[in-house]
1. Which of the residues that make up segment 1-43 are in contact with a Lys or Arg (Cβ under 8 Å, 6 or more places away or on another chain) and either of a type in the set (Phe, Trp, Tyr) or assigned to a strand (DSSP E or B) (or both)?
2. Output the qualifying pairs, or none if there are none: Cβ atoms under 8 angstrom, residues six or more apart or on different chains, first residue in segment 27-55 and of a type in the set (Lys, Arg), second residue at pLDDT 95 or above and exposed (fewer than 14 other Cβ atoms within 10 Å of the Cβ).
3. Any idea how many residues of segment 51-83 are over 11 Å from the mean Cα position of the chain (by Cα), part of a strand (DSSP E or B) and either exposed (fewer than 14 other Cβ atoms within 10 Å of the Cβ) or modelled with pLDDT under 85 (or both)?
Amino acid sequence: MAYSVTLSDGTKLDNLALNGNNFVSSAKLTEADFKDKLSKVTITDDDGQTKDYTDMVLVQVTQVGDRTWFILGEKAQDDVSKLKDAVATLTDVILQGGLTSK
């Protein structure tokens with residue numbers, strides 16, 4: 001059973017095993033391999049079916065022996081909404097002159 005993950009920059013991670021929610025790769029991967037590449041992710045399962053995701057997060061990447069285990073997660077919509085609300089509030093405060101530097 002082999003999965004593949006295609007990152008937003010076109011990087012394709014092939015021949016992945018799935019163990020629970022962990023993808024397992026024989027290639028050595030680090031956080032840097034995923035940085036700024038999770039805005040669009042396509043996961044292809046062992047049956048060749050694909051699913052597209054937007055704004056994923058790297059939950060964990062770990063070396064176990066000669067394999068890399070990594071978990072990708074969907075960014076919680078609630079977190080996105082909270083961030084948008086915080087940005088809107090801060091923008092309002094700035095526009096109303098509520099923040100001053102001393």
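1. Applying the first criterion (in contact with a Lys or Arg (Cβ under 8 Å, 6 or more places away or on another chain)) to segment 1-43 yields 4-9, 11, 24-26, 42-43.
Passing the criteria: 4, 5, 6, 24, 25, 42, 43.
2. Between residues of segment 27-55 that are of a type in the set (Lys, Arg) and residues that are at pLDDT 95 or above and exposed (fewer than 14 other Cβ atoms within 10 Å of the Cβ), the close pairs are 37/9; 37/11; 40/52.
3. Looking only at that region, the number is 5.
The values are calculated or read from the model by the stated rules, or taken from the named source; none is laboratory data. In this text the structure is predicted, and so the values were computed from the model without any measurement. All Cβ positions, even for glycine, are placed from backbone atoms using ideal geometry, and neighbour counts span all protein chains on display.
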